[in-house]
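Here is the structure we will look at, set down as C-alpha cells.
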Amino acid sequence: MRPLARWFRRLLHEERGDVAVIETLLWLPVVVVLLGTMGVALRQHATASIAQDAAEAAARAARSGATAADGRQRGEQSLAGSLADRAERCAGTVDTSRWDSGVVAVIVTCETDFGGLAYVTPGPHRVTWSWTETVDAARIARTAP
C-alpha cells in the first residue's frame, strides 16, 4: 500500500478530536445568543444616549427664552435639530407650563427596532428620557406683567 493511501485510511479511522467538534456545536448557539444580547444592549444604550442628549439640549435652549412661548419655541427648534437624520424614530415635547415657577421640562421618546436581532428581542423598543431645567428667577421677574 502506498504511504498516501495508508495516511488517508488512518485519518478516516482515527477518532481523536471528535469530542471537541461536538462541544463546539453545543456551545455555538449559546455564544450566538450572548452576542445578540450584547448587540441589543448596546443598541438600547445608544438610543437612550440620543434621547438624553436631545432632552438636555432642548431644556437648556428652552430656559434661555425671554418668555414661556419663546422658551418653548427655542426648545422645539433644539429638539428638531438634535433628532434630525437619526435612524431611531424620536419625538419630544417641551413643557413650559411651569415657567412662572421657574421650571421648564422636556420629554423625549425614541423607538428603536433591532432588525436582524429579532430572535433575541422581537419588536421595537421604546426609551423615554426627561430633563428639567430651572429658569433664572431674575429673567422671570423682568418679563412678568
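A short reminder: the numbers here are calculations on the coordinates, not readings from a lab. All figures in this text were calculated on a predicted structure; none of them were measured in a lab. Quick reminder, even Gly has a Cβ in these numbers, built from the backbone with ideal geometry, and neighbours come from all protein chains shown.
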Going from the fewest other Cβ atoms within 10 Å to the most, one would list D85, D100 as D85, D100
Using a 10 Å cut-off around each Cβ, can you sort S78, S101 from fewest to most neighbouring Cβ atoms? S101, S78
Fewest-first ordering of I22, I107 by Cβ atoms within 10 Å yields I22, I107
Between L28 and D100, what is 0.36 nm times their sequence separation minus the Cα-Cα distance? Round to one decimal in nm. 19.9 nm
